Amino acid sequence: MSGIPIDSPAPANNYSHSNLGMPKSVPPPQLPLGFFAIAALALFTDGVLGIFLGSRVVGNPTGHLAIGMTHMFMLGVASMAVLGAMHQFIPVISAQKLRDPKLSYWGGGLFAAGSIGLATSFLLEVNPLVVASGVLAVIGVVLLVINLSKPLMVKGKGISITGARISAIMLVAVACFGITYAVDRNAHESFFTLSPNLVIAHAHIGILGWLGISYVAVSEKLWPMFMLSHRKSNRSSQIAIWGLALGVTIFVVGMLASSTAIVATAGVIILIALGSHLYTLVSVVSKRRRKLELLQGYVIVSALFLLGAIGFAITAVTASQGSQLRTQLMAAEIVSLGAWIALAVIGHAHKVVPFITWGILRASGVKFTRNNKPLVFSDLLNPMVARASFVMVAAGFALIVVGLATTSGVSFSIGSAALALAAVAVSSNLAIRPSRMLSHFGEAG
Ligand code: HEM
């Protein structure tokens with residue numbers, strides 16, 4: 001150990017952006033890392049739940065067990081991870097600090113408590129608790145959006161910031177729809193009938209409006225950066241973001257009005273928007289000046305799940321209304337959209353988290369590896385484990401989707417087990433090396 005050239009140890013909170021060449025607007029590292037850690041824990045929990053509940057969930061994809069697992073994933077995993085990415089990137093892209101990091105500690109904590117409470121109360125079918133947890137989640141969302149609103153309101157920062165502004169509005173909308181449904185459910189639907197149309201509307205505001213537009217907005221900046229790929233125009237990203245915003249809004253109106261014509265129109269607009277997003281991916285990958293690596297693997301398989309979701313949605317429309325087949329196809333569509341976002345988030349986390357932990361290590365004085373080489377991002381994770389995690393995540397979601405589409409509980413449970421394992425592999429792979437370096441450096445100091 002003594003061979004490691006080290007500077008005099010500095011306290012870990014010496015994380016001043018200037019001496020790391022980072023813009024001053026970057027939030028404290030524990031904020032995005034906190035969101036990512038909760039997302040990993042929720043993915044592990046949902047995976048374990050899926051192992052034991054698989055056969056009952058595929059047997060009734062709209063039952064309380066399925067709804068519980070859906071919210072553990074959509075809020076605890078996908079929303080938490082996307083919020084982590086938003087907290088890291090929006091202040092950087094807009095060069096504007098958050099209002100106050102404390103607002104996001106509180107907002108994130110309340111949203112996390114609300115998410116876990118919501119999933120648990122759906123699983124246990126305790127409706128008053130669904131309402132209480134929903135209220136926590138809504139307050140959390142409001143605090144987070146207030147905090148992000150300062151960097152989001154910066155003018156002239158391009159389509160990524162515009163897209164993030166729209167997705168933040170969609171997050172508030174999906175939470176408001178959700179809490180309204182929770183109150184109605186608790187009152188035995190005495191205010192309105194909670195029809196499948198209403199639930200599907202809520203689900204797509206969340207998955208396409210909040211999560212989908214967030215991903216398209218952030219990838220508009222991240223893909224060219226991580227793939228060293230330059231595009232002359234970002235027209236395709238503009239079409240993707242505005243198309244999704246318009247398409248999802250018209251879709252919700254069509255579902256609430258039970259109008260097939262309006263829903264079909266919305267469907268066409270959403271298809272054009274998603275097609276434009278996929279065109280962006282093809283053009284960025286084809287113009288890249290970097291060799292293919294793990295991130296592209298994640299992003300391309302993520303895009304394949306998006307194509308799968310589109311296939312399930314179109315097939316579901318042709319199946320007869322209210323039939324078990326339509327329910328199964330809709331469930332497979334929802335999970336495929338979830339996989340689209342999850343693979344993209346986990347893939348980018350293998351770039352973003354080392355970038356953040358590298359900053360922490362550098363700020364603490366760790367500038368070289370054991371072999372006396374300057375510390376670089378790739379020193380902070382094990383590439384073998386990263387590749388194995390990719391296979392587990394991709395196979396896990398594929399098996400879950402097949403399980404739902406074919407009502408195979410075994411396939412669903414094995415897929416869930418793979419995701420639980422992947423959650424452990426990804427989080428330990430991104431945490432162990434940096435924390436070992438930090439603790440070793442402390443001792444050496
Ligand atoms: C404050 C937050 C939220 C609350 C209180 C909430 C509440 C609800 C309620 C009451 C239902 C209807 C359950 C039923 O059919 O009886 C529901 C369904 C659903 N929600 Fe949420 N929701 C919230 C956030 C979200 C978010 C952020 C997403 C996605 C990103 C989401 C995705 C879904 C999906 C996919 C369903 C359908 C589940 C199924 O049928 O299996 N929800 N939600």
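Selection of first residues in segment 329-354 that are touching a residue at least 12 places away in the same chain (Cβ under 8 Å) and of second residues that are open to solvent by 20 Å² or more (accessible area, probe 1.4 Å) and polar (S, T, N, Q), restricted to Cβ pairs under 8 Å at least 6 apart or on distinct chains, gives the following pairs, ordered by first then second residue: Leu329/Thr315; Ala331/Thr62; Ile334/Thr70; Pro354/Ser378. Looking across Val366, Val301, Val335, one residue alone is buried (at least 16 other Cβ atoms within 10 Å of the Cβ), in a loop (DSSP other than H, G, I, E, B) and hydrophobic (A, V, I, L, M, F, W, C). It is Val366.
Taken together, Ala173, Ala168, Ala164 contain a single residue that is open to solvent by less than 50 Å² (accessible area, probe 1.4 Å) and within 12 Å of the ligand (Cβ to nearest atom), which is Ala173.
The residue list Lys157, Lys150 contains one member that is surrounded by fewer than 21 Cβ atoms within 10 Å (Cβ to Cβ), at pLDDT below 95 and more than 10 Å from the ligand (Cβ to nearest atom), which is Lys157. The residues in segment 83-133 that are part of a helix (DSSP H, G or I), more than 16 Å from the ligand (Cβ to nearest atom) and closer than 21 Å to His348 by Cβ can be counted, and the count is 9. Contact map, segment 77-92: residues that are under 20 Å from Val393 (Cα atoms) paired with residues that are among the charged types (D, E, K, R) and in a helix (DSSP H, G or I), Cβ distance under 7 Å, separation 6+ or inter-chain. Pairs shown: Val77/Asp46. Here Ala240, Ala264 are screened, and the one residue that is among the hydrophobic types (A, V, I, L, M, F, W, C), in a helix (DSSP H, G or I) and open to solvent by 50 Å² or more (accessible area, probe 1.4 Å) is Ala264. Taking the criterion of being near the ligand (Cβ under 8 Å from one of its atoms) and among the aromatic types (Phe, Trp, Tyr), the only residue of segment 183-211 that qualifies is Trp210. Of all residues in segment 265-281, those that are under 13 Å from Arg235 (Cβ atoms) have Cβ atoms under 6 Å from Cβ atoms of residues that are of a type in the set (Ser, Thr, Tyr), 6 or more apart or on another chain, in Ser276/Ser236; Tyr279/Ser236; Thr280/Ser236; Thr280/Ser237. For segment 206-233, filtered to residues that are more than 14 Å from the chain's Cα centre (by Cα) and among the hydrophobic types (A, V, I, L, M, F, W, C), the residue that is most open to solvent (accessible area, probe 1.4 Å) is Met225.
The values are calculated or read from the model by the stated rules, or taken from the named source; none is laboratory data. Remember, it's a predicted structure, so these values are computed and weren't measured experimentally. Every residue, glycine among them, receives a Cβ derived from its backbone with ideal geometry; neighbour counts consider all protein chains shown. Calculation scope for accessible area: heavy atoms of the full protein, side chains included, ligands and nucleic acids excluded. Shrake-Rupley method; radii C 1.70, N 1.55, O 1.52, S 1.80 Å.
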